[in-house]
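For reference, the structure discussed in these notes is given below.
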Amino acid sequence: MAALERDHPGVPLLISAFTATGLEAAHRLYAGHRVVPLPFDLSFVVARFLRHFNPRLLVVAESEFWPNLIEVARRRGVPVVLVNGKMSAKSFRVHARTRLIPRALAKLTLAAVQTEEHARRLESLGVERCRLHVTGNMKYDLTRVAASASEAMTLRRALGYEAADVVIIGGSLHDGEDEALLAAYAAARERCAECALVVVPRYPVDAEAVEQRVRALGLAATRKTAVDAGAPAPGRGGVLVVDTVGELGRLYAIADLAFVGGSLFFRGANKGGHNLMEPAILGVPVLFGPYNFSFKETVDDLLQANAGKLVRDATELSAAVVALVTDRDSRHELGRRAQEVVYSHQGATSRNYALLAPLLRAPR
């Protein structure tokens, strides 16, 4: 969007989304542009939509393969480009048994996809190889360092942590994960008295229950809102329970070890994990469970580079936490490799934009 605004300042940009959540985000992020609901994928509805807006180019993201939208756009001579494209193994098996999606995919002008694996699946479903480009995952380009080293050190001191403390953070934890991490923390404290714990529930409303579980173990618990209001910071003498929103990135920056939640227990076929790139780009070693469907490519990249640790259950989580808390060199090396994975995979946005540019210059 930023590149389009820069290079084509006079060209109106239209953003659409299918869900209420997507529309809300689009209005917030692109307040200066027109945001509309994606039309229902019926041919006469789509035809009216396209006649009204008369686009020069239709850009489809990830796996939004709406057959009638693509069909009618191509019939009108509008190029259709897939960016950040992907297709899961499950979706591939479903679409391989039908003709609807393969027929739509065959009409793509070009497809920029995240990995070679996704490219092979799309090719098998009818996208010509000459139209396929493996450009990487644009989500890596969205990852930014949430706090500078000096900002992180200031926040770390404000929360009562000494330079020698080993701060463990659990980010976006769901039911049961806080208990598993508390058990891991208790085991680590037996080996390293300087370790400390920050627990960030996925939903702030869960902070009260987490606080009660911390105290049931005989540990002191302090909420982040209490610290913000002037209460003493817990330091390594207690557990910080975060009941605010929007601070996770900054809190990862003060940590020496991160466990990213939503991943230790099965929560549904379409629910798996949270953003591993936030701690990784900070050089924080990252642990995660086996249920990371939503971030499969990132997990694969981290594991392939030996830059993250997969823990299959609470026992493995405890063992990994103890091992890393007590081995400074291993922590630093794991964090360094994780950071390198993020930086080495950035650049997909510019590669995708380079593919779009000729289509924007082409006459209608």
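Structural remarks
- Estimated vicinal HN-Hα couplings, Hz - region 111-124 in sequence order (Karplus 6.51, -1.76, 1.60; Gly, Pro = x): 9, 9, 10, 6, 9, 5, 4, 5, 4, 4, 5, 5, 4, 5
- Each Lys and Arg Cβ is given +1 and each Asp and Glu Cβ -1; about its Cα centre, region 244-364 then shows a dipole of about 560 debye.
- Subset of 86/139; 90/309; 107/271; 271/296 violating a 22 Å alpha-carbon distance limit: 90/309; 107/271
- 1.4 Å probe accessible area per residue over region 1-103, in Å²: 62 Å²
- Residues whose placed amide H lies under 5 Å from that of residue 166, excluding near-sequence neighbours: 195, 196
- Cα-based shape type of region 235-342, given that a ≥ b ≥ c are square roots of the gyration tensor eigenvalues and the cut on a/c is 1.5: rounded
- Computed over the chain, relative contact order equals 14 percent, with contacts defined as Cα pairs under 8 Å that lie 6+ residues apart.
- Carbon/sulfur fraction of accessible area - region 1-136, other protein chains in place, 1.4 Å, %: 56 percent
- Three-way shape call for region 7-63 based on the alpha-carbon gyration tensor, with the a/c threshold at 1.5: oblate
- C-alpha long axis of helix 149-158 to longest principal axis of the chain, angle in °: 40 degrees
- Counting only protein heavy atoms and a probe of 1.4 Å, the accessible surface of region 265-364 is 52% carbon and sulfur.
- Principal-axis analysis of the Cα atoms of the chain puts helix 20-29 at an angle of about 90° to the longest axis.
- Calculated over the chain: convex hull of Cα atoms, volume per residue (Å³): 150 Å³
- Derived scalar couplings between HN and Hα for region 274-287 equal 9, 5, 7, 6, 4, x, 4, 5, 8, x, 8, x, 10, 10 Hz in order, rounded to whole Hz, by the Karplus curve 6.51 cos²θ - 1.76 cosθ + 1.60 (θ = phi - 60°), x for Gly and Pro.
- Taking amide H as placed 1.01 Å from N in the peptide plane, residue 134 has its amide H under 5 Å from the amide H of 113, each at least 5 places away in sequence or on another chain.
- Nearest 10 degrees, 0 to 90: helix 348-361 Cα axis against the chain principal axis: 20 degrees
- Accessible surface for residue 296 stands near 90 Å², nearest 10, in the context of the full protein assembly shown (1.4 Å probe).
- Portion, in percent, of the accessible area of region 139-196 that falls on carbon or sulfur, probe 1.4 Å: 52 percent
- Each label was represented as a point 7 Å from its Cα along the Cα-to-Cβ direction; for residue 100 and residue 57 these points are 3.0 nm apart.
- Furthest towards positive pole of dipole, 239, 124, 359, structure part the chain, Cβ charges: 359
The values are calculated or read from the model by the stated rules, or taken from the named source; none is laboratory data. Here the structure is a predicted model, which is why all the values come from computation and not from measurement. Glycine also receives a Cβ, built like all others from the backbone with ideal geometry; neighbour counts cover every protein chain displayed. Just so you know, the surface numbers come from the protein's heavy atoms only, side chains and all, with ligands and any DNA or RNA stripped out. Shrake-Rupley method; radii C 1.70, N 1.55, O 1.52, S 1.80 Å.
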